[in-house]
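Colleague: Have a look at this one before I ask anything.
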Protein chains: 2
Amino acid sequence: MRAKALSSLRADIASARRGGAFAPRERTAAEAIVRAVRRDGDAAVLRTVRKFDRPAARSRDLVLDSRTIRRFARACPRDTRRALDLAYARIREFHDRQRPRESARRDRRSDARLVPSPLDRVGALVPRGVAAYPSTALMTGVPSQIAGVRQLVVASPMPRDGSVDPALAYALELVDATTLYRAGGAAAVAALAYGTTSLGRVDKIVGPGNAYATAAKWLVSADVGIDALQGPSELIAVASSDADASVVALDLLAQAEHGAGAFAALVSDDADLLRRVVSALAKQRSARISLYRAKDLLAAVQAADDAAPEHVLLAGRGAAALSAHVRHAGAVFIGMRSAVAFGDYVAGTNHSLPTGGTARWSSALRVDDFVRWTSRVSMRGDLRDLARAGAAIAAHEGMRYHGASMEART
Amino acid sequence: MRAKALSSLRADIASARRGGAFAPRERTAAEAIVRAVRRDGDAAVLRTVRKFDRPAARSRDLVLDSRTIRRFARACPRDTRRALDLAYARIREFHDRQRPRESARRDRRSDARLVPSPLDRVGALVPRGVAAYPSTALMTGVPSQIAGVRQLVVASPMPRDGSVDPALAYALELVDATTLYRAGGAAAVAALAYGTTSLGRVDKIVGPGNAYATAAKWLVSADVGIDALQGPSELIAVASSDADASVVALDLLAQAEHGAGAFAALVSDDADLLRRVVSALAKQRSARISLYRAKDLLAAVQAADDAAPEHVLLAGRGAAALSAHVRHAGAVFIGMRSAVAFGDYVAGTNHSLPTGGTARWSSALRVDDFVRWTSRVSMRGDLRDLARAGAAIAAHEGMRYHGASMEART
């Protein structure tokens, strides 16, 4: 395992990202599933659940209401429950500070406001890996709850044995989910977007999914709100000579265990640190981990910023100062103590983050993703100046009645 | 012209919206243009400009830099300039109150922040009707400027005679646009999304366009940020018996002059008011204006809210009280003085608004559309409790290195 020149990082991450959040093949498959669900509703969803998740699935297994969710939650072991309680409390406290506030401008001629309201119905995707991901239910559910969304529907794939994960059920109870729809991928997205007999359509779909779910989110995005198109996970770690090699190795291995498509890179200006990380990786070294040598730490963080990855970790000397140079990233973890995994569970920040370079325009999931804003305008007083100016622009734009409608108010 | 039952409003607006912001035919055409521009760059853009806008267009006409924009702006007549100055000042004051603020949560174990940064490069679409729309340049440019976007590129179709509209140039100067790309529709969107020889790619495309531009925005939205998919304009006016019929008629006519696809509806509980509006419309009555009779004003505003249109106008008695019932709309104009057209130019609010029912999840263009947010996490102190909780959830989710990486920090 050799460290490559920093200049290769750009090409390597571009190559890992080739095709974006989904490939043409995945788009075509998602298109067929979306079409089938729009036509056949629950029956089409059940076909995909039987094909991909649980051959023995029955129609009545698809939807759980909040009472049934609560019943399953009772089986959640005490330790897991306490861990989820702590994560929930910290995620709440962080997102609580993002509560939207009305903005207003008043003068003698107008009262103009931009007023937030919660969305009515949101669908949140909670994917499964080898197990259910209760943490993702918290990450999508907490900002929804703080925004005041009226109904939160969660869609999560049915496992092969048909069981309901008690920890997932407990997380859903914490965030007041009203429904668990037990399907994933493109079928769940289509059901949420267009509704089926058992599931009303939602106003917005949030949260990560597999490539088929992501392709489906893009396909339905002219008909329903979506948050972002989250692709495979990414980490660029920047470490100085004084960083703890065995600890940095664990962050890289944690990143690599996200599975297929995950990208994990370490950049350092110190050949010895890179060697120590390689030996710490030892037998666990993964094809998904790449090492790069930079001429100095500033060049390292600039390359990380240029790549605009999901996660950046700054480990060792000068991490705080270097962090100012990372403007393009989903989340930045600053200092040797700041394991990226804290951000997945208990730091309080959201783990639904932009990937694939979309951090150049997209953000972590926020309370604002669960809110819409309405302008409210009330005019009064002497409107002659405003009508004259408005009418002059309207005349220029060929809109005579626009002008007349303003002048009629003077 | 007869008033219909209120129950028909839902079907009428659904029918006007059928097919969403673009039709399959428009999507197919946009797809071909996007593909051509990705392959041939400026040459493909020039072909579409010659075909749809100006047959005599030359390659060197495509891009104007800020110096050239300033030169054209000098020809802007004094009256138009003063009108644009007033509109600009008011739009600035309204949007200034939307400046994004960092949120933070600090305790003895963590410092977690959500930090805004302006986007680097934004492309704004400014469509043409019978003339250029300098007002749209202000509506997209002002929030971009307040956010601190580094480079604002504006794309606007070339008129048949090849001229540059001095008022548009003046508006572009006000908002510090660096470049005017003289193309519209799907070709402009593709050029902004993927870049050409003469135009670097942008991080996000904002602003309204024709159906081909909107279809193209959707098509490229997996590769670049977009604000929303704005379709044809909509107004639902609710008027009580005391409303001024001749003035309400002007708002409906102003709405109808938005042209093909525009939807203008008046709802009232008073047959006499409806009759007076019909006679005020007189010969200008338009096929695009529909009238509805409601049993009372509350039913009228509830129907408007249910339709989630771009604009709602509340004219006459009780407008302020009724406005509380309109939660789903792009913008609400409250009271007899509040011409919808004020919101298009000088109220200060943004005229780039959600249409087609997307107000259920989408919002007016805001400063936040020009900003992205990065999480910044710094852990410290005694992390044993957090690592234990995090590791418990990670273990449940099958992520052993996630747990180990947190425990290594204790």
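Colleague: Do the conditions hold for A:ALA364, that is, is it under 30 Å from B:ASP223 (Cα atoms), without any contact (Cβ under 8 Å) to a residue 60 or more places away in the chain, at the interface with another protein chain (Cβ under 8 Å from one of its Cβ atoms) and part of a loop (DSSP other than H, G, I, E, B)?
Modeller: Working: under 30 Å from B:ASP223 (Cα atoms): yes; without any contact (Cβ under 8 Å) to a residue 60 or more places away in the chain: yes; at the interface with another protein chain (Cβ under 8 Å from one of its Cβ atoms): yes; part of a loop (DSSP other than H, G, I, E, B): yes.
Against the criterion (under 30 Å from B:ASP223 (Cα atoms), without any contact (Cβ under 8 Å) to a residue 60 or more places away in the chain, at the interface with another protein chain (Cβ under 8 Å from one of its Cβ atoms) and part of a loop (DSSP other than H, G, I, E, B)), A:ALA364 qualifies.
Colleague: Would you confirm whether or not the range A:392-404 contains a residue that is over 30 Å from B:ASP305 (Cβ atoms), out of contact with any strand residue (DSSP E or B) (no Cβ under 8 Å at 6 or more places or on another chain) and not in a helix (DSSP H, G or I)?
Modeller: Looking through the range A:392-404, at least one residue is over 30 Å from B:ASP305 (Cβ atoms), out of contact with any strand residue (DSSP E or B) (no Cβ under 8 Å at 6 or more places or on another chain) and not in a helix (DSSP H, G or I).
Colleague: For the range B:186-225, give me each residue that is within 13 Å of another protein chain (Cβ to nearest Cβ) and not hydrophobic (A, V, I, L, M, F, W, C). Steps first, answer last, please.
Modeller: First pass over the range B:186-225, keeping only residues within 13 Å of another protein chain (Cβ to nearest Cβ): B:192-194, B:200-206, B:211, B:214-225.
The answer is B:TYR194, B:GLY200, B:ARG201, B:ASP203, B:LYS204, B:THR214, B:LYS217, B:SER221, B:ASP223, B:GLY225.
Colleague: Looking at this structure, is A:ALA32 surrounded by fewer than 18 Cβ atoms within 10 Å (Cβ to Cβ), over 23 Å from the mean Cα position of the chain (by Cα), assigned to a loop (DSSP other than H, G, I, E, B) and not assigned by TED's automatic domain parsing to the domain that holds A:ALA300?
Modeller: Details: surrounded by fewer than 18 Cβ atoms within 10 Å (Cβ to Cβ): yes; over 23 Å from the mean Cα position of the chain (by Cα): yes; assigned to a loop (DSSP other than H, G, I, E, B): no; not assigned by TED's automatic domain parsing to the domain that holds A:ALA300: yes.
No, not satisfied.
Colleague: What helices (runs of 4 or more DSSP H) lie completely within the range B:87-197 and have 3 or more residues being in contact with a Pro (Cβ under 7 Å, 6 or more places away or on another chain)?
Modeller: Working: elements: B:134-147, B:166-174, B:185-194.
By residue number, B:166-174.
Colleague: Strands (runs of 3 or more DSSP E) wholly in the range B:240-352 with at least 1 residues that are over 16 Å from A:ARG409 (Cα atoms) and either assigned by TED's automatic domain parsing to the domain that holds B:THR80 or touching a residue at least 40 places away in the same chain (Cβ under 8 Å) (or both) - which ones? Before you say what the answer is, go through the steps one by one.
Modeller: Values: elements: B:263-268, B:289-293, B:311-315, B:331-334.
Output list reads B:263-268, B:289-293, B:311-315.
Colleague: Sticking with this structure for a sec: Quick one: which residue in A:ARG409, A:ARG372 is part of a strand (DSSP E or B) and within 7 Å of chain B (Cβ to nearest Cβ)?
Modeller: Details: A:ARG409 fails: part of a strand (DSSP E or B).
Being part of a strand (DSSP E or B) and within 7 Å of chain B (Cβ to nearest Cβ) holds for just one of A:ARG409, A:ARG372, which is A:ARG372.
Colleague: Quick one: in the range B:45-75, which of the residues that are crowded, with 19+ Cβ neighbours inside 10 Å and small (Gly, Ala, Ser) is farthest from B:PRO134 (Cα to Cα)?
Modeller: Here the residue is B:ALA57.
Colleague: Here is a list of conditions, (1) more than 7 Å from chain A (Cβ to nearest Cβ); (2) outside any loop (DSSP other than H, G, I, E, B); (3) within 21 Å of the chain's Cα centre (by Cα), and B:ALA387 meets all of them except one; can you say which number that is?
Modeller: For B:ALA387, the exception is condition (3).
Colleague: Out of everything in the range B:314-327 that is surrounded by 19 or more Cβ atoms within 10 Å (Cβ to Cβ) and either within 8 Å of another protein chain (Cβ to nearest Cβ) or in contact with a Ser or Thr (Cβ under 7 Å, 6 or more places away or on another chain) (or both), what residue ends up being nearest to B:ARG360 (Cα to Cα)?
Modeller: Our first condition is that a residue be surrounded by 19 or more Cβ atoms within 10 Å (Cβ to Cβ); within the range B:314-327, this holds for B:314-316, B:319, B:322-323, B:326.
Remaining after also requiring either within 8 Å of another protein chain (Cβ to nearest Cβ) or in contact with a Ser or Thr (Cβ under 7 Å, 6 or more places away or on another chain) (or both): B:314, B:316, B:323, B:326.
Working: B:LEU314: 19, B:GLY316: 26, B:SER323: 16, B:VAL326: 11 Å.
Ranking the qualifying residues of the range B:314-327, first place goes to B:VAL326.
Colleague: So, in the range A:120-138, of the ones that are surrounded by fewer than 24 Cβ atoms within 10 Å (Cβ to Cβ) and of a type outside the set (Asp, Glu), which residue ends up nearest to A:LEU353 (Cα to Cα)?
Modeller: First pass over the range A:120-138, keeping only residues surrounded by fewer than 24 Cβ atoms within 10 Å (Cβ to Cβ): A:120-121, A:127-131.
Pick out the ones that are also of a type outside the set (Asp, Glu) and you get A:121, A:127-131.
Working: A:ARG121: 22, A:PRO127: 15, A:ARG128: 17, A:GLY129: 18, A:VAL130: 21, A:ALA131: 21 Å.
For the range A:120-138, the residue satisfying everything is A:PRO127.
Colleague: Looking only at the range B:176-185, filter to residues that are within 15 Å of B:VAL34 (Cβ to Cβ) and touching a helix residue (DSSP H, G or I) at 6+ places or on another chain (Cβ under 6 Å); which one of those is nearest to the other protein chains (Cβ to nearest Cβ)? Let's see the steps before the verdict.
Modeller: Looking only at the range B:176-185, we keep the residues that are within 15 Å of B:VAL34 (Cβ to Cβ), and these are B:183-185.
From what is left, the residues that are touching a helix residue (DSSP H, G or I) at 6+ places or on another chain (Cβ under 6 Å) are B:183, B:185.
Working: B:ALA183: 20, B:GLY185: 17 Å.
The extreme case among them is B:GLY185.
Colleague: On the given criteria, is A:GLY381 within 30 Å of B:ASP79 (Cβ to Cβ), more than 7 Å from every other protein chain (Cβ to nearest Cβ) and either surrounded by fewer than 24 Cβ atoms within 10 Å (Cβ to Cβ) or under 16 Å from the mean Cα position of the chain (by Cα) (or both)? Explain how you work it out, then say what you get.
Modeller: Details: within 30 Å of B:ASP79 (Cβ to Cβ): yes; more than 7 Å from every other protein chain (Cβ to nearest Cβ): yes; either surrounded by fewer than 24 Cβ atoms within 10 Å (Cβ to Cβ) or under 16 Å from the mean Cα position of the chain (by Cα) (or both): yes.
It is true that A:GLY381 is within 30 Å of B:ASP79 (Cβ to Cβ), more than 7 Å from every other protein chain (Cβ to nearest Cβ) and either surrounded by fewer than 24 Cβ atoms within 10 Å (Cβ to Cβ) or under 16 Å from the mean Cα position of the chain (by Cα) (or both).
The values are calculated or read from the model by the stated rules, or taken from the named source; none is laboratory data. A quick note: this is a predicted structure, and the numbers were derived from the prediction, not measured. Quick reminder, even Gly has a Cβ in these numbers, built from the backbone with ideal geometry, and neighbours come from all protein chains shown.
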